[in-house]
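Step one of this worksheet: look at the structure below.
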Amino acid sequence: MDDCIFCKIVKKEASSYIIDENEDVVVFLAFEGHPLVVTKKHYPNIYTLDDKSAAAVMKAAVKVANALKKGLACDGVSLIQANEPVASQDVLHFHMHVQPRWKDDSVHIGWELNQQSPETLTKTMEKLKKAL
C-alpha cells in the first residue's frame, strides 16, 4: 500500500524506532512510547489475517511483553488490538499495541460488564457457533 505508514516503516522508507523484527513482523515504538507489533505483509485488519502472521504477531507480543517487564520494570502489560475505525483502529494495517502498565497510570481500558440471562447467552452462543 503506497500510502500506508506501516508499510513504509516495514520497507524502511519512513523513520521509526525498530526494536525487533523477523520475516513476518516488525516491532517499533509508537509515538506514545509503547511497542507496536506490525505484520510485514499488509493486512487491513484481523478479518484478513492469515494463520502464520497471526501466530507470529502473538509470539512477538509475548517476547516484547517480557522485554517490557524486564527492561522497564513495568507492573503489567496490556495487549490492545483494534479493528475498524469504530473500534479505534487509526492505521488500517494490522497491528497490536503492547502497552506497559504501572499501578495508578492514566491508561483506562474498559467496558461495562452487564450480566446477561442464560437465554441471551445461549442465543449468542448458537449464532457464533453457526458462524464458525
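When the range 25-39 is filtered for residues that are part of a loop (DSSP other than H, G, I, E, B), surrounded by 18 or more Cβ atoms within 10 Å (Cβ to Cβ) and either at pLDDT 95 or above or among the hydrophobic types (A, V, I, L, M, F, W, C) (or both), nothing remains. Is it fair to say Ala56 is of a type in the set (A, V, I, L, M, F, W, C) and either over 27 Å from Trp111 (Cα atoms) or in a helix (DSSP H, G or I) (or both)? So Ala56 passes the test.
Picking from residues in the range 92-115 that are of a type in the set (A, V, I, L, M) and touching a strand residue (DSSP E or B) at 6+ places or on another chain (Cβ under 9 Å), the one that is surrounded by the fewest Cβ atoms within 10 Å (Cβ to Cβ) is Ile109. Among the residues of the range 47-95, the one identified as closer than 12 Å to Val25 by Cα and hydroxyl-bearing (Ser, Thr, Tyr) is Ser53.
Before we move on, is Lys70 part of a helix (DSSP H, G or I) and loosely packed, with under 14 Cβ neighbours inside 10 Å?
Here the answer is yes, as Lys70 does meet what is asked.
Within the range 94-132, the residues that satisfy the criterion of being hydroxyl-bearing (Ser, Thr, Tyr) and assigned to a loop (DSSP other than H, G, I, E, B) are Ser106, Ser117. Could you tell me whether the range 49-58 includes any residue that is among the polar types (S, T, N, Q), surrounded by 14 or more Cβ atoms within 10 Å (Cβ to Cβ) and touching a Lys or Arg at 6+ places or on another chain (Cβ under 7 Å)? For the range 49-58, residues among the polar types (S, T, N, Q), surrounded by 14 or more Cβ atoms within 10 Å (Cβ to Cβ) and touching a Lys or Arg at 6+ places or on another chain (Cβ under 7 Å): present. Restricting the range 1-59 to residues that are over 15 Å from the mean Cα position of the chain (by Cα) and β-branched (Val, Ile, Thr) leaves a set whose member that is farthest from Pro85 (Cα to Cα) is Ile19.
The values are calculated or read from the model by the stated rules, or taken from the named source; none is laboratory data. On a predicted model such as this, the values are computed, not experimentally measured, just so you know. Here Cβ is always computed from backbone atoms with ideal geometry, including for glycine, and neighbour counts include all displayed protein chains.
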